[in-house]
Amino acid sequence: MLFNYSRNNLSRHDQRLERIFEIAPGALSWGIIIGMTILSVANPLLAAAMMVAFVLYWVLRLIYMNLFLGISYSRLSMEKETDWLELIEGMRDIDALSCRLKARAKSTSTPAARISLAIRRYQIDAVKKTGEGTPDPSDIYHLVILPVAREPRDVIEPAIQSLAEGIYPTTKVIVVIALEGRACEKVKQEVYALQRHYMATFMDFLVIEHPSDIEGESSVKGANATWAAKHVAPWLGQKGIAYKNVIVSCFDADTVAHRDYLACLTYYFMITPSRTRASYQPIPVYYNNLWEVPGFARVIDIGASFFQLVESTNPEKLVTFSSHSMSFKALVEVGYWPVDMISDDSAIFWKSFIHYDGDYRVVPIYTTVSMDIAGGDTSLQTFINIYKQKRRWAWGVENLPIVMRAFLQSPAISLYKKIMFSIRLFDMFVSWATLSFLLVIITWFPVFFAGREFVTTTMYYMAPRIKDIIFSLSLMGLVVCMIISLGLLSTSTARLRLWQKVIHIFDWLAIPVVILALSSIPALDAQTRLMLGKYMEFKVTEKYRTRRD
Amino acid sequence: MLILRRIIFYLFLLIYLILCPALLLYASGYIIDPFTREVERTGLIHLSSLPPGATIYLEHSRFIRKTPATIDQLRPGSYRVTLTLPGYREWTQAVRVKPGKAAAFEKVLLLPQYFPVQTPIQGNFKQIYPLPGTDFILVAQDNYLGSIQLYNFKNERAAPFLDPVSPWYKFPVLSLSHQENSRSFMVYGGGLWERKYLWVTLKGDAPAIVDITRFFSKDPLLIEWDPLNTKELFAVYSNYIDRVDIASGLVYPRDIDAVKGVGFHNNRVYLMTADNRFLRYGRDKTKAEPFLESSHFARPLLDTNIFYHITAPDDDSLFLQGEDGSLLANHPPYQIMEKGVIGMKFHERSRTLMYWTSSSVMLADIDETMTANINALAVKTIFGEGQDIKQCFWSGDAFHIVCNDNDRVYLIETEPQGSDHNEFITQIRKGSSIFFSNEAGDLYFLDEQGGFQKIQLIPKESVVDQLLNKGA
């Protein structure tokens, strides 16, 4: 479907429609917060009953998410031992590969390895059934775009190094640094120095400068990445590389890919039916500077990783987030990333989904990309930077009005998908902004504002007791989070020392306040801005790294 | 994975759909009788005590938990609840449990079997004069000024009120009047033919005494002052007020004319004019503004020959205590008491007025009236068997009242503890006063032999609790 995936250059009708859906999420979030507050004063009995219902819903949701967090984490742990290169090579003779895996399953003793092999066999059998065939591994190329605006060499180099040290042959990897023309001279010099240093390591290493002040563009990451991708396209043509065989990964400048990343991505790309109609989502983790930031910063970003782990178990509703990959063919066909939106990482999924009339999906891949936690020189500065970063993430709500407008206009997208994704979008953004408010503050209002009539009811005494029991249950969820968090940290960074484990457990105790201050409030802030038409501008998050000389 | 996720989702949905209504019904008091299999609605009793940890008996059965505790799933009906704690008096209450309702007994104060008594100052005393709102109590050994000890109950130090060389040392004291929160007070006394008014201001440990008798052309009905401005006095006569500037020695005769009521609150002076209008002055007392102008509430009830003391706790409420013992309010039924009121005290946080006659202590709740919009103040008698009630004090949380009745001190529970918990605390010296510090929870009194004693009536932890509540 031809669709203008932007809030600019719209007809009057579309503008009105867009505005309604810009107002909707903020209005809904504020409506819930203010409505429940008013209800707590006007009818505390009803409010208390609603709060009991809500807290029960929340704890079940927490248990549900914990369950899938555990499953997803197990899956991630299991995949660590997978030899992706062997699988990729084996794809040349898929029947032989299937037999080899079957034979190996018999000789494997550990349950984890057995499950991993079963998953592989299931996936390969599914490929056989489709009869689509798989591309030759040697035909597949990786284009990795690293947009740079003001990040120093300290931040960018580990990202490049991780690609160089990955198991996937670097001769099939093209690294492109999308350099903002407005970047300072020092940054430019460092980028070109990196190009010289790594030129021979990869198939090619390009630096493409993005001029500022291009008409129709905002100063957003998507504009920079789009400019670079557009300039790489003819280069690929010259080299005779088909777009359909190029997997483009648009990373942040600080994204350190796991050494298996490109190999794992290649495998999933090969086994995915209609592989160009899919984005490939790794698990984003934030370990690059984990012990250089305060505890609240650690917890909030590990929470983001957890969210993505849980989401990966639900590919039907999965939306791209942060660093991810997709087919270059699809990228070109959908018209690249939006050049006037901050949330390019999720916008590209929605743009593709709408372009292909709903025939586009996200495939979770069980490997990690690690990024920096936003930091600062002081705890306060770190807090402010994280707040701004989370508000920028929450600004992903800018996609909602555009997607809703597309859903209303597209006859081709199935009604089921329209309803499912509409509910998902509203649920995600409204829950993001309101859940913590309701849990941490508003659940106490009915008792706080209790009038004499309410005080004499059984509900006045029983509701807090029920909530206490439910909250105690939720502590179990917190313990699960602590355990998985320690597990993730231990596997992803150097082995944790005892003091680090202890500190990290204490980090988690602050989670209710941290989530309120650094998740719900920024989300509400973003929704309120959108509701009032005060659109956000992209600001590069400050990455904080202690210099290691 | 997708199928697994769907199965688990619907399983959780089913759990929610079953658990949620079950929990809400349970919270509303509904249970299924295990024998009859019928649904019935129950009530509960909530108990918390000071100190906590008391054993709870419901009829003759001991409840497994100690206070604070909630006993739920009680069938509607009457129950006798008893709290026991070693070393403390037993507390018993008949409770009526109604379906879906909670009978709450918050902070039930368990009184010790025997109060440990402290003696802050050794000696025999005749009278104590509390100075509420300050840290001081005046403790008099005899009826002259030099016999008074100034006791600071914050730092627990006592000192003679006057130096023996003071010219006022032998000044006979007939009465002492004080306004709450004021560091000054008025002493009336002297010889039969040379009565004097002394204005005493506490500055550090030494009092400053000024003879202000010359400022009054005749004995005023009342002498009032703003506790926050002790340089000015208002001498109230039958229908006018003289203003006295103590510092300059100037008297402004008939400064406020045609007036029949006065009161001070929150830096404001409240006046009732002879034609029954109410005026309010700011701190500088230069500009009067009408107050409760639209309210004609009690005008037909106001006696033109009586002077009223005005209490105005907020912009909507007004209480008038007549010199004849009447008590009127601007809320229906306007006339709370026709006569006999000795004193009243307003508790701001609970918005409750306590007032007392020689035989009863009563409470009038403003909020209940205003929110329920009913045609009567919620007035209730909480102590009706008094013989000669002289003083009453609020506790900080308004759950208790300390009362001096016929030289016996009682601790009276207010709502919702019920009306039959009036605990006798101690006998005091005949005709003497008491002082209750609600910040510390301490009672100061003279025992029958004249010893100055202190009892901690309300435990410290509850006092902290009260102050926290006060802050909230």
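The values are calculated or read from the model by the stated rules, or taken from the named source; none is laboratory data. Just so it is clear, the model here is predicted, and its values are computed rather than measured. Cβ: placed from backbone, ideal geometry, glycine included. Neighbour counts: every protein chain shown.
Could you tell me whether residue B:69 is touching a His at 6+ places or on another chain (Cβ under 6 Å), hydrophobic (A, V, I, L, M, F, W, C) and within 14 Å of chain A (Cβ to nearest Cβ)?
no
Please state which one of B:36, B:70, B:82 is over 29 Å from residue A:46 (Cβ atoms) and in a strand (DSSP E or B).
Step by step, each of B:36, B:70, B:82 is checked, and only B:82 is over 29 Å from residue A:46 (Cβ atoms) and in a strand (DSSP E or B).
Of the residues in segment A:424-438, how many are buried (at least 24 other Cβ atoms within 10 Å of the Cβ) and of a type in the set (Phe, Trp, Tyr)?
Adding up the residues that qualify gives 2.
Look through B:65, B:37, B:5 and report the one residue that is among the charged types (D, E, K, R), free of Cβ contacts under 8 Å to residues at least 40 places away in the same chain and within 30 Å of residue B:108 (Cα to Cα).
B:65
Can you name the number of the only condition in (1) crowded, with 16+ Cβ neighbours inside 10 Å; (2) within 12 Å of chain B (Cβ to nearest Cβ) that residue A:73 fails?
Of (1) crowded, with 16+ Cβ neighbours inside 10 Å; (2) within 12 Å of chain B (Cβ to nearest Cβ), only one is false for residue A:73: (2).
Filter segment B:189-215 down to the residues that are in a loop (DSSP other than H, G, I, E, B) and at pLDDT 90 or above and list them by number. Talk me through it step by step, then tell me what you get.
Of all residues in segment B:189-215, those in a loop (DSSP other than H, G, I, E, B) come to B:192-193, B:204-205, B:212.
The answer is B:212, and nothing else.
Scan (1) part of a helix (DSSP H, G or I); (2) under 20 Å from residue A:468 (Cβ atoms) for the single condition residue B:46 breaks and write down its number.
Every condition holds for residue B:46 apart from (1).
In the set B:316, B:303, which member is at pLDDT below 80, in contact with a strand residue (DSSP E or B) (Cβ under 9 Å, 6 or more places away or on another chain) and either not assigned by TED's automatic domain parsing to the domain that holds residue B:366 or not aromatic (Phe, Trp, Tyr) (or both)? Talk me through it step by step, then tell me what you get.
Working: B:316 fails: in contact with a strand residue (DSSP E or B) (Cβ under 9 Å, 6 or more places away or on another chain).
Only one candidate passes the filter, namely B:303.
Look at segment A:31-69 and say how many of its residues are buried (at least 18 other Cβ atoms within 10 Å of the Cβ), free of Cβ contacts under 8 Å to residues at least 40 places away in the same chain and aromatic (Phe, Trp, Tyr).
Qualifying residue count for the region: 1.
Being surrounded by fewer than 18 Cβ atoms within 10 Å (Cβ to Cβ) and within 14 Å of chain B (Cβ to nearest Cβ) is the requirement here; does residue A:459 meet it?
no
Residue B:396 versus (1) modelled with pLDDT of 75 or more; (2) part of a loop (DSSP other than H, G, I, E, B); (3) under 22 Å from residue B:136 (Cα atoms): which is the lone unmet condition?
Evaluating residue B:396 over (1) modelled with pLDDT of 75 or more; (2) part of a loop (DSSP other than H, G, I, E, B); (3) under 22 Å from residue B:136 (Cα atoms) leaves (1) as the failure.
Considering only segment A:236-269, state which residues are of a type outside the set (Val, Ile, Thr), within 14 Å of residue A:144 (Cβ to Cβ) and out of contact with any Ser or Thr (no Cβ under 9 Å at 6 or more places or on another chain).
A:236, A:253
Would you pick out the residues in segment B:36-53 that are away from chain A (no Cβ under 14 Å), touching a strand residue (DSSP E or B) at 6+ places or on another chain (Cβ under 6 Å) and surrounded by 15 or more Cβ atoms within 10 Å (Cβ to Cβ)? Explain how you work it out, then say what you get.
Just the residues of segment B:36-53 that are away from chain A (no Cβ under 14 Å), to begin with: B:36-39, B:49-53.
Next, from what is left, pick out any that are touching a strand residue (DSSP E or B) at 6+ places or on another chain (Cβ under 6 Å): B:39, B:49-50, B:53.
Answer for segment B:36-53, where residues must be away from chain A (no Cβ under 14 Å), touching a strand residue (DSSP E or B) at 6+ places or on another chain (Cβ under 6 Å) and surrounded by 15 or more Cβ atoms within 10 Å (Cβ to Cβ): B:49, B:50.
Can you name the residue in segment B:3-33 that is in a strand (DSSP E or B) and of a type outside the set (Phe, Trp, Tyr) and is also surrounded by the most Cβ atoms within 10 Å (Cβ to Cβ) among such residues?
B:31
So, in segment A:54-70, how many residues would count as being over 16 Å from residue A:476 (Cβ atoms) and either of a type in the set (D, E, K, R) or more than 8 Å from every other protein chain (Cβ to nearest Cβ) (or both)?
1
Is segment A:94-102 home to any residue that is more than 12 Å from chain B (Cβ to nearest Cβ), in contact (Cβ under 8 Å) with a residue 40 or more places away in the chain and among the acidic types (Asp, Glu)?
Within segment A:94-102, not a single residue is more than 12 Å from chain B (Cβ to nearest Cβ), in contact (Cβ under 8 Å) with a residue 40 or more places away in the chain and among the acidic types (Asp, Glu).
Test of understanding: among B:23, B:14, B:2, which residue is within 14 Å of chain A (Cβ to nearest Cβ), over 32 Å from the mean Cα position of the chain (by Cα) and modelled with pLDDT of 95 or more? Talk me through it step by step, then tell me what you get.
Working: B:23 fails: modelled with pLDDT of 95 or more; B:2 fails: modelled with pLDDT of 95 or more.
From the options B:23, B:14, B:2, the qualifying one is B:14.
Being touching a Lys or Arg at 6+ places or on another chain (Cβ under 9 Å), assigned to a helix (DSSP H, G or I) and within 14 Å of chain B (Cβ to nearest Cβ): is that true of residue A:41 here?
No.
I'm trying to understand the selection: among the residues of segment A:1-30, which are more than 20 Å from residue A:528 (Cα to Cα), of a type in the set (Phe, Trp, Tyr) and surrounded by fewer than 20 Cβ atoms within 10 Å (Cβ to Cβ)?
The one that is more than 20 Å from residue A:528 (Cα to Cα), of a type in the set (Phe, Trp, Tyr) and surrounded by fewer than 20 Cβ atoms within 10 Å (Cβ to Cβ): A:3.
So which residues in segment B:179-200 are closer than 17 Å to residue B:137 by Cβ, of a type outside the set (A, V, I, L, M, F, W, C) and surrounded by 16 or more Cβ atoms within 10 Å (Cβ to Cβ), if there are any at all?
Residues satisfying the conditions are B:179, B:182, B:183, B:184.
Please go through segment B:215-244 and give me each residue that is of a type in the set (A, V, I, L, M, F, W, C) and more than 25 Å from the chain's Cα centre (by Cα), ordered by number.
B:215, B:216, B:221, B:233, B:234, B:235, B:236, B:241, B:244
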